[in-house]
Amino acid sequence: MANSVNDVLNIAIIGGGIVGCCVAWELSKTQAGIFVFEKNPGITKGENQSSRNSGVNHAGINYDRKTRPLKARLCVEGNRLWYDFCERYQVPCQKTGKLIVAQDAVQNRGLDRYLRRAAENGVADVRKISGEEVQDLEPNVKAHAALFVPTSGIFEPTALLHQVYALASNQGVEFMTATEIVALAAVAGGLRLTLCYRDGRQDSIVARRVINAAGVHAVGVARLIDPDFPIQAALTRGDSLKFYRKRRADIYLRGMNVYPAPIVVDTPTGRHHSVGVHLTPTFDRVGAEFVIGDTVTVGPKLIPVKSLEDYQTPVPPVESFLEDLSFFPGLTSADLESHQCGVHARLNGYPDFYIQADRTYGNVIHLLGIDSPGFTAAPAIARYVARLIDKQMIQQGA
C-alpha cells in the first residue's frame, strides 16, 4: 500500500463527498493504495453538497427507465442498502413513508404515471389513497388523492457521511483535505495529478487509476484531461426554508415526507418534470436517541445561477414557496425562515447520472451529474463503479 503521495498510487479519488467516500470504502474491500483528495478543509464538517442534503432516502419513483436508467436502478438499490447500513451501524434513519399529493382530478390522473413507474422500477407497496386516507396519515395535508410510498424515509446525512468516512479510513483509505486537483495529465504508468494545497504550494503524484467524484466541480475536472469534453454543467441552485411543526396545531406534521404532484417546468436546459417544493422532517437528538424533531424543511426551490459558487443571486421570495405548498394551507410566511442552499451537480441536456470511463483514457472514470437522488444512490453507485473497474481489469488482463 502507498504510504505517501511520493509513491505511485493505485487509485486516486477526486472528491470526498458521500459518493467519493462510498466509492473509496467499496474499493478498499478488495484493493489497497487508495487516496481521496478533497478541496474543502474537511470531510464531515458541512463543507460540501453532501452536507447540504435534504436527508431523504428516496424510494426511486421519480425516474423513468428510458431517459434516466441509472437513476431509476441505482436509487432503488441505494434505498435498500442505506436502510441495511443504518441498522447495522446505528446511524439515524427512519422509514417515514412519503405522500405525493394531487390537488384535483387532473393531478390525480397524473399520479397513475408514477404508480406504473413504481412497478417498473421495483418500488414496493406503492398505492393510491383517497384524500380522506391522506388526512388519516397527515391531518393538515389537503388532497384530492395521493400516492403512498412506504419505502421513502429520512436519514441524518452528516452522520451517515461520517460513518462511511470512518469505515473507509479503517480500511486503509487515506484522505487529504484542503487539497485541490488543478491539473491532470497522462504519463507512463497512469495519470499525473497536480495538487494545490491551502497555502498555495503545489505538488504532484501519479496514480494508476483516477475516479472523478468531484460533485459540482466534476465537469471541470473532466476538462482538465479533456478540454473538449462535450458535457456542460447546468448551473442550478436549490434554496430551502424551514419551519417548526409544533408551533401551531394547523402546521403540525406527524413525520412523513410530503410532496406535490410532479409538474413540468421550463428551464434554461429544457423542459423537465420537477418534484417541486416539498416538506421533509428532520431528526432531533434526545439523550442517546434520535427522534423526529420539530424542524421541517421546505424546498428546495430551484433557480438558475451564474456560477458554481453563486450565493449572491437572491433566494426566491417566501410567497413563491407558499404558492407551491397549496396542499399545506396552514403555513404562512411568518412561519418560514432560511435553512440552506447549495448548487446542484446537474448536467445540461443530460438528465441521468453519467458514470463512464473517459473517452480517451480508460483508467479515468467520471461520475458526473450526481444530483438528486445521488445521496440515496451513493452505495449503489459505488458498487457500479467497482464492477466497472473489475470489468476493465479483466479486459486488460490485470
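Could you list, in sequence order, all residues of the range 141-166 that are among the aliphatic types (A, V, I, L, M) and either crowded, with 21+ Cβ neighbours inside 10 Å or on the phi > 0 side of the Ramachandran plot (or both)?
Selection gives Val141, Ala143, Ala145, Ala146, Leu147, Val149, Ile154, Leu160, Leu161, Val164.
Within the range 66-113, can you find the residues that are assigned to a strand (DSSP E or B), within 19 Å of the chain's Cα centre (by Cα), of a type outside the set (D, E, K, R) and under 21 Å from Gly276 (Cα atoms)?
none
Would you confirm whether any residue within the range 127-138 is within 30 Å of Lys246 (Cβ to Cβ), in contact (Cβ under 8 Å) with a residue 60 or more places away in the chain and buried (at least 20 other Cβ atoms within 10 Å of the Cβ)?
yes
If Ala386 passes every condition in (1) over 27 Å from Thr96 (Cα atoms); (2) touching a strand residue (DSSP E or B) at 6+ places or on another chain (Cβ under 6 Å) but one, which one does it miss?
(2)
Can you find, within the range 228-255, the residue that is surrounded by the most Cβ atoms within 10 Å (Cβ to Cβ) among those that are in contact with a Pro (Cβ under 7 Å, 6 or more places away or on another chain) and farther than 30 Å from His217 by Cβ?
It comes out as Leu253.
Does any residue of the range 375-391 turn out to be surrounded by 16 or more Cβ atoms within 10 Å (Cβ to Cβ), in contact with a Gly (Cβ under 9 Å, 6 or more places away or on another chain) and not in a helix (DSSP H, G or I)?
No, there is no match, as no residue in the range 375-391 is surrounded by 16 or more Cβ atoms within 10 Å (Cβ to Cβ), in contact with a Gly (Cβ under 9 Å, 6 or more places away or on another chain) and not in a helix (DSSP H, G or I).
Would it be correct to say that Arg73 is assigned by TED's automatic domain parsing to the domain that holds Pro281 and surrounded by fewer than 22 Cβ atoms within 10 Å (Cβ to Cβ)?
Criteria not met by Arg73.
What are the pairs, 6+ residues apart or on separate chains, where a residue within the range 357-386 that is farther than 17 Å from Leu160 by Cβ has its Cβ under 6 Å from a residue that is among the small types (Gly, Ala, Ser) and assigned to a helix (DSSP H, G or I)?
Short answer, once both residue conditions are applied: His366/Ala222; Leu368/Ala218.
Test of understanding: among Asp358, Asp352, Asp335, which residue is touching a His at 6+ places or on another chain (Cβ under 9 Å) and among the charged types (D, E, K, R)?
Exactly one residue qualifies, and that residue is Asp358.
If Ser169 satisfies every condition in (1) surrounded by fewer than 17 Cβ atoms within 10 Å (Cβ to Cβ); (2) of a type in the set (Ser, Thr, Tyr); (3) closer than 19 Å to Thr30 by Cβ but one, which is the exception?
The one condition Ser169 does not meet is (1).
The values are calculated or read from the model by the stated rules, or taken from the named source; none is laboratory data. Computed from a predicted model, the values in this text were never measured in an experiment. Methodologically, a virtual Cβ is constructed for each residue, glycine included, from the backbone with ideal geometry; neighbour enumeration extends over all protein chains shown.
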